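The next block holds one structure in the form of structure tokens; read it before the comments.
The values are calculated or read from the model by the stated rules, or taken from the named source; none is laboratory data. Keep in mind it's a predicted model, so treat the numbers as computed, not measured. Quick reminder, even Gly has a Cβ in these numbers, built from the backbone with ideal geometry, and neighbours come from all protein chains shown.
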Amino acid sequence: MGVQQADFVVVGAGVAGLSVAAALAPHGRVLVLEQEAHPGVHATGRSAAIFSRPYGVPAVQALSAVARRHFERAGETGEPLLASRGILHLVTSVELGEAHTRASDLAHCEPVTAAQALELAPHLAPAVVEGGYYEADAADIDVHGLTSGYLRQLKAHGGELRLATPAVAISREGGTWRVETAAGAISTPVLVNAAGAWAGEIGRRAGTGDLGLTPLRRSAAIVDAPGGVDPSHWPMVVDADERVYFKPEAGKLMLSPCDEAPSEPCDVYADDYEVAVAVHAFEQLTGSSVRRVHHTWAGLRTFVPDRVPAVGFDRNGLFWMAGQGGSGVQIAPGAAALAADLILGRAVDPLVAPHLGALSPNRFAG
Ligand SMILES: Cc1cc2nc3c(=O)[nH]c(=O)nc-3n(C[C@H](O)[C@H](O)[C@H](O)COP(=O)(O)OP(=O)(O)OC[C@H]3O[C@@H](n4cnc5c(N)ncnc54)[C@H](O)[C@@H]3O)c2cc1C
């Protein structure tokens, strides 16, 4: 079998890989390799699907701001990708255990009194609500709509998604990457590492290191809303120290204990103990009891040590789209635009330009 040629090869068909593949597709032949039989089955298919402007470090906030423009433009020309879903960052008297590092900058949210918090979220138990911060412009993201739109764009420009085709071995010679798959070798000048929890492994296979990437498991569960009512119009509620959150999901509520246990890259499952902790916190915050957990799952949020994503070429010429942590869906359109600008040698968005050093995969090299 001869060596196949592509202008761009993307490893991984989660939201990161599909978004960059769609952005590159008008500019050359794009091949996306995905080890699974379907796209988006790992982190992308397991998220809470929330867009939150103040979420994350400043570089993430900048990518989110660019992404927001894309989401809103897409809504003007087709099905909207965002649906309004306020977030109540709750200050509570309940002892929920050790505080986590808060990921959202609450300075961007509107402070609310206990009475206002209860008006926004009447399902909370009045005795435990001390006040909070309200983020009115947060939204649910239609993740399926987003990724299927990217796939359509990729295919419309002659790009190709190869499922059940892992990138097995990677080598580089004279400025060209060679990627081995069970269906033969592919040669490309531009190799994009968008392998999610496996991105560190891909970096090691490519001989360039793993940037210290660590996948962290996050568990989730589906329960009925108190009283069995339809909670579709309720806001998302996040304890202000991010120890638990719950948000409406298809007529029920999704709960998460905000766990962050290091894991190997794998098809990860929910931790029963952590789910029980989230259920207990939910019962305390709502004064209700959970009769049944309908369904649980977990996904891997993958971070580099400083929690800033890595977007850019490293010194060996590998392009990284990795370490998106808990923001990979909401930043995807912004990160893909940045990736395409860097790969195609175009000027980058002025909102993101000040953060290029922070986002560079070379920031760890001495
Ligand atoms: C419980 C939970 C809640 C979350 N909530 C939110 C949220 O509200 N908002 C938000 O923006 N983000 C959220 N996230 C984070 C978000 O899901 C991730 O940041 C994002 O999905 C990462 O996308 P990705 O494409 O990098 O990774 P993935 O979706 O994991 O895709 C990587 C792909 O690479 C493939 N791959 C790996 N190795 C190979 C190989 N050798 N060859 C070929 N293919 C390979 C994998 O099979 C996988 O499909 C949440 C995550 C979790 C787990």
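Results, tabulated for the structure shown:
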quantity	calculated
Subset of the stretch 27-41 [buried (at least 22 other Cβ atoms within 10 Å of the Cβ), within 9 Å of the ligand (Cβ to nearest atom) and either assigned to a strand (DSSP E or B) or of a type in the set (A, V, I, L, M, F, W, C) (or both)]	Val32, Leu33
Residue selected from the stretch 199-235 under the condition more than 24 Å from Ser256 (Cβ to Cβ) and surrounded by fewer than 19 Cβ atoms within 10 Å (Cβ to Cβ), by the criterion nearest to the ligand (Cβ to nearest atom)	Glu201
Long-range neighbours under 9 Å by Cβ, at least six apart or interchain, first residue farther than 16 Å from Ala339 by Cβ within the stretch 22-48, second near the ligand (Cβ under 6 Å from one of its atoms) and aromatic (Phe, Trp, Tyr)	Gln35/Trp198; His42/Trp198
Within the stretch 4-18, tally of residues that are part of a strand (DSSP E or B) and within 14 Å of the ligand (Cβ to nearest atom)	3
Among (1) surrounded by fewer than 16 Cβ atoms within 10 Å (Cβ to Cβ); (2) in contact with a Ser or Thr (Cβ under 7 Å, 6 or more places away or on another chain); (3) among the aliphatic types (A, V, I, L, M), the one test that Val129 misses	(1)
Boolean, Ala185 is under 26 Å from the mean Cα position of the chain (by Cα), at pLDDT 95 or above and under 15 Å from Val11 (Cα atoms)	no
Condition met for Arg243 (basic (Lys, Arg), surrounded by fewer than 19 Cβ atoms within 10 Å (Cβ to Cβ) and away from the ligand (no atom under 11 Å from the Cβ))	no
Val60 vs. criteria in contact with a Ser or Thr (Cβ under 6 Å, 6 or more places away or on another chain) and either away from the ligand (no atom under 15 Å from the Cβ) or part of a helix (DSSP H, G or I) (or both)	yes
Enumeration of residues in the stretch 173-195 that are assigned to a strand (DSSP E or B), of a type in the set (A, V, I, L, M, F, W, C) and either under 20 Å from Ile343 (Cβ atoms) or more than 16 Å from the ligand (Cβ to nearest atom) (or both)	Trp177, Val179, Ile186, Val190, Leu191, Val192
Subset of the stretch 95-113 (residues that are in contact with an Asp or Glu (Cβ under 8 Å, 6 or more places away or on another chain) and surrounded by fewer than 18 Cβ atoms within 10 Å (Cβ to Cβ))	Ala99, His100, Thr101, Arg102, His108, Glu110
Considering residues of the stretch 272-300 that are surrounded by 14 or more Cβ atoms within 10 Å (Cβ to Cβ) and of a type in the set (S, T, N, Q) only, the residue nearest to the chain's Cα centre (by Cα)	Thr296
Scope the stretch 138-171; condition β-branched (Val, Ile, Thr) and assigned to a strand (DSSP E or B); matching residues	Ile141, Ile170
Residue within the stretch 339-348 that is under 15 Å from Gly14 (Cβ atoms), surrounded by 17 or more Cβ atoms within 10 Å (Cβ to Cβ) and not acidic (Asp, Glu) present	yes
Those residues of the stretch 80-121 which are touching a Phe, Trp or Tyr at 6+ places or on another chain (Cβ under 9 Å) and without any contact (Cβ under 8 Å) to a residue 40 or more places away in the chain, in sequence order	Glu110, Pro111, Val112, Gln116, Ala117
Output for the stretch 42-56, where each listed residue is near the ligand (Cβ under 6 Å from one of its atoms), assigned to a loop (DSSP other than H, G, I, E, B) and more than 12 Å from Ala139 (Cα to Cα)	His42, Ser47
